[in-house]
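Notes follow the structure.
FYI, it's all coordinate maths here, none of it is from the lab. Just so it is clear, the structure is predicted and the values come from calculations on it, not from any experiment. All Cβ positions, glycine included, derive from the backbone under ideal geometry; neighbour counts span all protein chains shown.
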């Protein structure tokens, strides 16, 4: 695979993967922000402007734990999503600030990847979001992430091929960013499917065909199921794969979501994923800096994460 067109003297994502490096993402964003002042029902992305020090410290902690890349705090920072908070006119500003905040916590060589989550509804004709409005919203967000200086973009936590492939197209037609795409799968009697009926194997084929440089899965499952999903994905591609695992599925304890998988438990699963191989590993819901430190020590024994 070719390196990024905008590569400079600092190796980019595809450069490093092409050199055989296994890259490590960060852990959860939402739970960190909730623990540091995000109120129920509040807009996480607004913290990029109003409480940037919290977002910067989050990135710094993950980098200190050994992350090679961190995500921006922009999961819902598209015009359609921000309209729920009457913030749609601040789309460009909040995405640019998010990249700047993540970059402020990065060491030399640390990478920043723009997070693009679902739009929050279905595209027409199944839903009420016109395809052209969705495309414009995605192109606007991803362009702002590139303007802010992101090294890549990840279109994550996706359920429907129609939306994720539209987002890939927007990224490729409007930016030169390395583009990742990951989907969420549930396990049922007939195996793994997204809520919209997409299998892991189908996801890989469709996302790569749409132009994604890196494909994979995130959220919705603990580490053991992620190994099963990634094994199915690896069976149909020799391209780059990414997995961001939950720390298991949450249970409600005294009114709070608690995730059961410890850093030590997840480390064994991360070793299995690295052996497949999965090229990019990270955490999703319920994971924190301790999980990332254990991940790094499991798959990069020569690392000196602190």
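Taking the DSSP beta bridges in the chain as the whole, what percent of them are antiparallel, to the nearest 5? Working shown, then result.
Values: 6 of 34 bridges.
Restricted to the chain, the bridges split so that about 20 percent are antiparallel.
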| Any idea what log10 I(q)/I(0) is at q = 0.11, 0.13, 0.15, 0.26 Å⁻¹ for segment 137-214, Debye with uniform C-alpha scatterers and no solvent? | -0.28, -0.39, -0.50, -1.15
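At 0.36 nm per residue, and after removing the present C-alpha to C-alpha distance, how many nm does the segment from residue 176 to residue 190 gain when stretched out fully? The partial results should precede the final answer.
Numbers: separation 14, 0.36 × 14 = 5.04 nm, distance 3.86 nm.
Stretched out fully, the residue 176 to residue 190 stretch lengthens by 1.2 nm.
Fewest first, what order do 182, 74 take by the number of other Cβ atoms within 10 Å? All intermediate terms of the calculation are to be shown ahead of the outcome.
Numbers: 182 25, 74 31.
With the sparsest Cβ surroundings first, the list reads 182, 74.
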| field | Cα gyration tensor, segment 58-115 - rounded (a/c under 1.5), prolate or oblate | value | prolate
| request: Pull out a ≥ b ≥ c, the square roots of the eigenvalues of the alpha-carbon gyration tensor of segment 1-138, then state rounded if a/c is under 1.5, prolate if not and a/b is larger than b/c, and oblate in the remaining case. | output: oblate
| request: Take the alpha carbon atoms of segment 227-257, find their center, do the same for segment 272-290, and report the distance between the two centers in whole angstrom. | output: 8 Å
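How high is the relative contact order of segment 1-126? Use alpha-carbon pairs under 8 Å, at least six apart in sequence, and give a whole percent.
On the way: 170 pairs, mean separation 33.4, N = 126.
Relative contact order comes out at 27 percent.
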| At what distance in angstrom do the alpha carbon centres of segment 109-127 and segment 30-98 lie from each other? | 14 Å
| remark: Here P(r) for segment 191-285, Cα-Cα distances in 5 Å bins, as whole percents, is 3, 14, 24, 23, 18, 10, 6, 3, 1, 0
| remark: Calculating Kirkwood radius over Cα pairs in Å from this structure picks out, from [x] 19.0; [y] 20.2; [z] 19.7, entry [x]
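May I ask you to derive the relative contact order of segment 22-299, considering only C-alpha pairs under 8 Å and at least 6 residues apart, and to give it as an integer percent?
Numbers: 598 pairs, mean separation 52.4, N = 278.
For segment 22-299, the relative contact order is 19 percent.
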| message | For segment 236-276, report the % of Cα-Cα distances exceeding 16 Å. | response | 50 percent
